[in-house]
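The values are calculated or read from the model by the stated rules, or taken from the named source; none is laboratory data. Since the model is a prediction, treat every value here as computed from it, not as a measurement. Note that each Cβ is placed from the backbone with ideal geometry, even for glycine, and that neighbours are counted across all protein chains shown.
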Amino acid sequence: MEMKSDRETNQYAADLSSIKEARERIKSFIHNTPVFFSDSLDLMAGRRLLFKCECFQKGGAFKFRGASNAVLSLDEKQASKGVVTHSSGNHAAALALAAKMRGIPAYIVVPNNAPKCKVQNVIRYGGQVIWCEPMFDSRRITADKVQQDTGAVLIHPYNDGRIISGQGTISLELLEQFPEIDTIIVPISGGGLISGISLAAKSINPSIRVLAAEPVGANDAALSKENGRLITLPQTDTIADGLRAFLGDQTWPVVRDFVDAIITVEEKEIIHAMKLCYEILKVAVEPSAAVGLAAVLSDSFQQNSLWNECKHVAIILSGGNVDLDVLWEALYKKT
Ligand SMILES: Cc1ncc(COP(=O)(O)O)c(C=O)c1O
């Protein structure tokens with residue numbers, strides 16, 4: 001018997017219709033984020049760059065799109081017990097904010113090495129912080145226990161169709177704002193952001209290219225693509241604290257089938273791109289959000305003739321939650 005691929009059977013965690021539904025559900029709660037340009041950066045990149053400023057989204061990152069879609073999708077009975085997640089960063093704060101908006105509790109399991117500013121955001125939005133050890137197992141076990149004790153619904157940061165659909169609303173917005181975009185460059189970690197973006201963008205315009213940008217020190221997605229199977233790493237090492245997670249079983253099939261290439265960037269390139277965002281665009285991004293610009297400026301992108309046709313390149317500036325103390329120290333050590 002002939003086996004059909006996921007693409008033929010359309011077996012993905014989200015699709016254009018779930019993404020359009022997400023947009024209807026969340027549109028009155030989220031910001032329609034602006035797109036910025038810079039002639040100076042265009043000159044450096046040799047093409048038109050369009051910066052989608054998700055760092056101006058509520059909660060300071062795109063994560064509020066997925067989190068609010070997930071929370072608003074719950075029925076009254078499910079919602080009454082609240083929501084729980086394990087996250088070191090932007091998803092945690094976004095979920096706390098979405099839960100606050102719906103008037104339900106949010107239990108956030110946070111590893112004790114999480115960036116201070118991201119934990120402060122969780123607390124500011126009324127989330128209940130439960131500390132755990134940084135290891136993934138400790139996060140999962142603690143979240144399971146909270147779920148059992150409270151009956152709260154687990155909302156995974158990326159391996160969830162509701163989250164992927166929410167993040168995909170970026171493409172709907174972006175391609176309405178600038179239909180001439182031929183390429184979108186997206187930071188990748190667990191893959192929820194790029195899954196939503198690529199599913200929506202390629203349904204609207206199949207010829208659009210979707211490229212992932214990933215730190216060399218957390219290159220599980222690049223290795224997975226190269227080897228054609230899901231690969232995780234024993235450890236990661238990058239200043240981009242939002243990009244240390246690994247693809248999941250819901251996001252990997254989308255990345256495998258819809259992402260055109262993964263461009264890996266060095267730490268120095270991330271820091272340089274981040275400085276350019278501050279100095280030229282005047283936009284405060286966190287390191288994880290600077291990898292897209294780092295990718296388009298990298299030698300591997302500039303010298304690859306495959307990308308010569310990328311003339312109108314959207315770059316997702318995915319978040320702006322930066323711990324300044326840690327950042328200064330890192331800049332000092334790494335540059
Ligand atoms: C600022 C920022 N950019 C990009 C990502 C990557 O998103 P995903 O895990 O959905 O790939 C994250 C994830 O936490 C993030 O916080």
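Descriptive notes on the structure:
- Segments classed as strands (runs of 3 or more DSSP E), wholly inside segment 82-197, with at least 2 members that are in the same structural domain as residue 35 (by TED's automatic domain parsing) and hydrophobic (A, V, I, L, M, F, W, C): 183-187
- Test: residue in segment 273-286 that is under 21 Å from residue 191 (Cβ atoms) and of a type outside the set (A, V, I, L, M, F, W, C): yes
- Residue check for residue 280: in contact with a helix residue (DSSP H, G or I) (Cβ under 8 Å, 6 or more places away or on another chain), under 21 Å from residue 53 (Cβ atoms) and either surrounded by 21 or more Cβ atoms within 10 Å (Cβ to Cβ) or not small (Gly, Ala, Ser) (or both): yes
- Residue among 200, 218, 212 that alone is within 24 Å of residue 291 (Cα to Cα), within 16 Å of the ligand (Cβ to nearest atom), touching a strand residue (DSSP E or B) at 6+ places or on another chain (Cβ under 6 Å) and small (Gly, Ala, Ser): 212
- Residues (of a type in the set (D, E, K, R), assigned to a loop (DSSP other than H, G, I, E, B) and at pLDDT 95 or above) located in segment 206-264: 229, 249, 260
- Taken as a whole, the condition of being of a type in the set (Gly, Ala, Ser) and either within 12 Å of the ligand (Cβ to nearest atom) or not assigned by TED's automatic domain parsing to the domain that holds residue 43 (or both) applies to residue 248.
- Residue within segment 170-179 that is of a type in the set (Asp, Glu) and more than 30 Å from residue 236 (Cα to Cα) present: yes
- Across segment 158-185, the qualifying residues are those that are among the small types (Gly, Ala, Ser) and within 18 Å of residue 317 (Cα to Cα), and the one among them that is farthest from the ligand (Cβ to nearest atom) is 171.
- Single match in 214, 226 (criterion: of a type outside the set (S, T, N, Q) and either free of Cβ contacts under 8 Å to residues at least 24 places away in the same chain or surrounded by fewer than 24 Cβ atoms within 10 Å (Cβ to Cβ) (or both)): 226
- When restricted to residues that are within 12 Å of the ligand (Cβ to nearest atom) and farther than 19 Å from residue 57 by Cβ, segment 87-126 contains 1.
- Unmet requirement for residue 33, which otherwise passes all of (1) part of a loop (DSSP other than H, G, I, E, B); (2) out of contact with any strand residue (DSSP E or B) (no Cβ under 7 Å at 6 or more places or on another chain); (3) buried (at least 19 other Cβ atoms within 10 Å of the Cβ): (2)
- Breaking point among (1) buried (at least 22 other Cβ atoms within 10 Å of the Cβ); (2) free of Cβ contacts under 8 Å to residues at least 24 places away in the same chain, for residue 317: (2)
For every residue, the table says whether it meets (1) farther than 21 Å from residue 113 by Cα; (2) within 12 Å of the ligand (Cβ to nearest atom); (3) β-branched (Val, Ile, Thr); (4) not assigned by TED's automatic domain parsing to the domain that holds residue 39.
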| position | (1), (2), (3), (4) |
| --- | --- |
| 225 | yes, no, no, no |
| 234 | no, no, no, no |
| 237 | no, no, no, no |
| 258 | yes, no, no, no |
| 264 | yes, no, yes, no |
| 277 | yes, no, no, no |
| 295 | yes, no, no, no |
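- Within segment 74-89, the set of residues being modelled with pLDDT of 95 or more and buried (at least 24 other Cβ atoms within 10 Å of the Cβ) comprises 83, 84, 85.
- Taken together, the residues in segment 302-335 that are in a loop (DSSP other than H, G, I, E, B), within 16 Å of the ligand (Cβ to nearest atom) and not charged (D, E, K, R) amount to 4.
- Residue list for segment 36-75, filter: of a type in the set (Phe, Trp, Tyr), in a loop (DSSP other than H, G, I, E, B) and within 16 Å of the ligand (Cβ to nearest atom): 62
- Residues that are modelled with pLDDT of 95 or more, outside any helix (DSSP H, G or I) and more than 28 Å from residue 120 (Cα to Cα) occur in segment 287-301; there is at least one.
- Residue match in segment 165-181 (condition: of a type in the set (A, V, I, L, M) and in contact with a strand residue (DSSP E or B) (Cβ under 6 Å, 6 or more places away or on another chain)): yes
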